[in-house]
Structures are given as C-alpha cells and as structure tokens.
Amino acid sequence: MSSDCEVVCFVIPTYNEALNISPLLGQLTQIYRDKNTKFLVVDDDSPDGTAQHVREFADGRVFLLQGERRGLGDAYVRGITHAMDVLGADVVVQMDADFSHDPAAAAKLLRRLEAGADVAIGSRYVEGGSIDERWNLRRRLLSRWGNRLARWIGGLRGVSDCTAGFKAIRTSKLREVGLGDLRARGYVFQVELLHRLLRSGACVVEEPIHFRDRERGETKLGMANMLEFLLSMLLLRSRSHVTFLKFCATGLCGTVVNLLSFYLMLRFGINKFFASPVAIAVSIFSNFVMNNHWTFSDRVMISRVPERGFKFAAVSLLALLLSYSVFVALSNFFPESAPLLLQACGIGPGALLSYYLNSRWTFVEKGTDKRV
Ligand code: GDD
Ligand code: MN
C-alpha cells in the first residue's frame, strides 16, 4: 500500500464505540497487512469499555492512547502527536470509528499521497462522492452550511469538503505547521487544521468517498460544537481583517513618506514637477517593503521578491488610475466641492482595489493554486 519503509498510522478517536471498534480493527488489520502500518485508537475513557476491546485485540500493530474527554479536536491533537513522536508515523490517516468511513477507501487516499499530494481528503462533496440517504434534513443542512461557512467566512476556498473527518496527511507537513497551539477543541478541528495546511502551501487533493451513516451507537456532535464552529470561522476571518488593517496602516505611512520626500526635495531646490513623481515612486517602494516584510509576512508566497515588486508597482499604477478617475468624475458632478474632499474620495476605491489585487496576486500564498 505505502512505499517500503514509510510508517502509516491510522489515528482513530473513540468515545463510546464499544460496538464498532473490534469489527473495525478487524477489517483494518485484514486489509492493511504491511508491518509498517499501525493503528492508534485514542479513547477518552469511554464508559462503555471501548478501551478494553482495543487492549484485547491481538495484533502488535494496534495501539491505545487513553485520556480525559476534552473533545474530538483535543483527542486528535494528542493522537497525531503520539503517532508522529512515539510511533514514528510518516503519514497519518484520520478516520471515524463508526464505519462512516469505509476502511478499504483509505487505500485511495494513500495512493494520492504517493502521487505527490501532502493531504488527501476523503470527500463527500466532489463529483463521485456521496452521503448516506438516511441522513436526515437537519444533518444534511448542517453539513452543507458548515462547509459553506468554512469556505465563505473561514476562507477555505477551493475545497469542497472542508469538514471531512477522513484524511491522509504527510506528517512532515504537520510538523511544519505545528499542532500544539490549535484553538479548536471539538469537530471544528478539521477545518482549523485544513486552514493551516492550506496556508502553509500544502498540496491538498480530494478523493470522492461515500459517507455511510453509523449503524451502531450515536453521534457526539452537539450544540456546543456548532457554536464553537461559528466562533472559529469568525476568528479565522478576523485574521484577514488584521491583514487589511496593516495594509491601510502601510498606506498611511506611504503617504507620510511621499509628502516628506516631496518636501525635502523642494527644500533642496528640486523642481516640483520632477519631485512629485519621484516622491510617488519612493512611497510605492516604501509601501512595498512594509507590505512584504510586515502586512503579508506570515504568508508562504508563490513568487520571488523581484516579481512581487513588479506586480506591486503595476497594481499601484492601476490604483492610481482608479483614484484619479474617481477624482475627475466627481469634479465633473460636483464642481463646487472642495478639491481636497474630492481627492480624499478617490483614496477609498484605490485602496480597496490595491488591497484586492495585492492580496490575491502580488502576495498570493502557495497552495491556493495547487491541485493534483
Ligand atoms: N476520543 C474522542 N473524544 N473521540 C470522539 C469524541 C471525543 O470527545 N467525540 C467524537 N469522537 C469520535 C467518535 O467516537 C467517532 O469515532 C468519531 O470521533 C466521529 O464522531 P461522530 O460523533 O460519529 O461524528 P459524526 O458522524 O457526527 O461527524 C462526522 O462527520 C463530520 C462532518 O459532517 C465526523 O467525520 C466528523 O469528523 C466530521 O467533521
Ligand atoms: Mn459518525
């Protein structure tokens, strides 16, 4: 299944899955016989004795990690960390214990990693994927809207199944992004981790799967999880607001730089028609340096610095054109208004256009373009 010496570890969180865990481990150990494939059950002291079934399982590749119940996300962080640090996993496979995820389908995810992906999602919402017909309307709506919110508010563009619980991930990528400081406690962990992986430039692919409803036991997804989900999406979003504010602050600094250099040149007797474009160029340069090293500095970017500089200059000229057009248009409509006011009205649209293009093009992150 996996290349010779790679260690693949299935991480399976359980809470009250006594009815499911033995048959699941039975199937998994049958299908994946490689000695380097391991199975780690993360049980949060389930009162129904799930852990006992795992302990009784006679296969040296099955491991048990126990802990206090602090939510699905918490269990995953502990489990994945253990799989990497103690079991030496190169790849982890996240999977539910209730047969919603077909044990045989994990092979498809592993193949996508072998083909070069860093993350392979078992996806219900790409072509060929499906959900159980028995899922009631409430569950369907929750899942659909959860995904929409993750895309629209959380910013996980390009992914169809953002909340999926069935994924194969290269641990080299997980080490790169780090798990320790993830905020999520509950189910929203899936979205937060994916968000991080995408931002780091991971190559994320989706493989269609069928999601079966559980036959035994019950779902643990409750109201608290939904609230946490909403809050988390807003927090993910506010990060991009911080970026926008930094961009505006940079623009203000650029204005000061512009006026100051203009003033200094005049003081040195330089002609104002020469000083003006030079001051503009100087401020474009200082804006670029600040945006590159501060506003967008947390991004792993696609393009190199010279290319970014070139794009930034092009965007600045476009923004200048827009601001100027607004100024000219308003001057025609309101010839009596104070010129300073009209000039100020041009700044808003120019800044927005410039932010949009710089964020999506000049300083675009790796990963937003990668698909295999
Ligand atoms: N250790 C631990 N601790 N395990 C937990 C906890 C917990 O607090 N809560 C749930 N689990 C385990 C369950 O025992 C099961 O194996 C797995 O996590 C998924 O839980 P379910 O309760 O069956 O989740 P679901 O079917 O409602 O949700 C599925 O779909 C969601 C998206 O629609 C899961 O795949 C989610 O991961 C996914 O986000
Ligand atoms: Mn389930």
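Anything in the stretch 81-95 that is touching a residue at least 12 places away in the same chain (Cβ under 8 Å) and farther than 11 Å from LYS167 by Cβ? List them, or say none. Give the steps one after another, and end with the answer.
So in the stretch 81-95, the residues touching a residue at least 12 places away in the same chain (Cβ under 8 Å) come out as 81-84, 87-95.
THR81, HIS82, ALA83, MET84, LEU87, GLY88, ALA89, ASP90, listed by residue number.
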- Got a sec? Which of GLU218, GLU207 is outside any helix (DSSP H, G or I) and within 16 Å of ligand 2 (Cβ to nearest atom)? GLU218
- Note on the structure: Okay, strands (runs of 3 or more DSSP E) sitting entirely in the stretch 17-98 with 1 or more residues that are crowded, with 20+ Cβ neighbours inside 10 Å, among the polar types (S, T, N, Q) and more than 27 Å from the chain's Cα centre (by Cα), I get 37-43
- Query: Just one of the numbered conditions (1) surrounded by 15 or more Cβ atoms within 10 Å (Cβ to Cβ); (2) more than 16 Å from ligand 2 (Cβ to nearest atom); (3) under 21 Å from LEU72 (Cα atoms) is not true of ARG183; which one?
  - Reply: (1)
- Matching residues in the stretch 331-352 - criterion: being at pLDDT 85 or above, in a helix (DSSP H, G or I) and either surrounded by fewer than 17 Cβ atoms within 10 Å (Cβ to Cβ) or in contact with a His (Cβ under 9 Å, 6 or more places away or on another chain) (or both): SER331, ASN332, PHE333, PRO349, LEU352
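When you go through LEU198, LEU194 one by one, which is the residue that is within 13 Å of ligand 1 (Cβ to nearest atom), touching a residue at least 24 places away in the same chain (Cβ under 8 Å), under 13 Å from the mean Cα position of the chain (by Cα) and open to solvent by less than 40 Å² (accessible area, probe 1.4 Å)? Outline the logic, then answer.
On the way: LEU198 fails: within 13 Å of ligand 1 (Cβ to nearest atom).
Of LEU198, LEU194, the one residue that is within 13 Å of ligand 1 (Cβ to nearest atom), touching a residue at least 24 places away in the same chain (Cβ under 8 Å), under 13 Å from the mean Cα position of the chain (by Cα) and open to solvent by less than 40 Å² (accessible area, probe 1.4 Å) is LEU194.
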- Task: State which residue pairs qualify: first residue basic (Lys, Arg) and inside the stretch 99-120, second residue crowded, with 19+ Cβ neighbours inside 10 Å in any location, beta carbons under 7 Å apart, and separation of 6 or more residues or different chains.
- Result: LYS108/GLU207; ARG112/ALA120; ARG112/VAL205; ARG112/GLU207
- Task: Find all pairs meeting these conditions: Cβ atoms under 8 angstrom apart; at least six residues apart or on different chains; first residue within the stretch 153-166 and within 16 Å of ligand 2 (Cβ to nearest atom); second residue basic (Lys, Arg) and modelled with pLDDT of 95 or more.
- Result: ASP161/ARG124; ALA164/ARG124
- Looking only at the stretch 255-306, count how many residues are without any contact (Cβ under 8 Å) to a residue 12 or more places away in the chain and either over 27 Å from ARG239 (Cα atoms) or hydroxyl-bearing (Ser, Thr, Tyr) (or both). 15
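Quick check on ARG134: is it of a type outside the set (Gly, Ala, Ser), modelled with pLDDT of 95 or more and open to solvent by 40 Å² or more (accessible area, probe 1.4 Å)?
Criteria not met by ARG134.
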- Query: Restricting attention to the stretch 88-98, does a residue exist that is at pLDDT 95 or above, within 16 Å of ligand 2 (Cβ to nearest atom) and small (Gly, Ala, Ser)?
  - Reply: yes
- Could you give every pair whose Cβ atoms fall below 9 Å, whose first residue belongs to the stretch 4-20 and is closer than 23 Å to ILE169 by Cα and within 16 Å of ligand 1 (Cβ to nearest atom), and whose second residue is assigned to a strand (DSSP E or B) and of a type in the set (S, T, N, Q), counting only separations of at least 6 or pairs across chains? CYS9/THR37; PHE10/THR37; PHE10/GLN94; VAL11/GLN94; ILE12/GLN94; PRO13/GLN94
- Picked from the stretch 254-269 (must be of a type outside the set (S, T, N, Q) and surrounded by fewer than 14 Cβ atoms within 10 Å (Cβ to Cβ)), the residue nearest to the chain's Cα centre (by Cα) is VAL256
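Is it fair to say ASN147 is in contact with a Cys (Cβ under 6 Å, 6 or more places away or on another chain) and surrounded by fewer than 22 Cβ atoms within 10 Å (Cβ to Cβ)? First the steps, then the outcome.
Numbers: in contact with a Cys (Cβ under 6 Å, 6 or more places away or on another chain): yes; surrounded by fewer than 22 Cβ atoms within 10 Å (Cβ to Cβ): yes.
Criteria met by ASN147.
The values are calculated or read from the model by the stated rules, or taken from the named source; none is laboratory data. All values derive from a computational prediction rather than experimental measurement. Please note: Cβ atoms are built from the backbone with ideal geometry, for glycine as well, and neighbour counts cover all protein chains shown. SASA here: full protein model, heavy atoms, side chains in, ligands and nucleic acids out. Shrake-Rupley method; radii C 1.70, N 1.55, O 1.52, S 1.80 Å.
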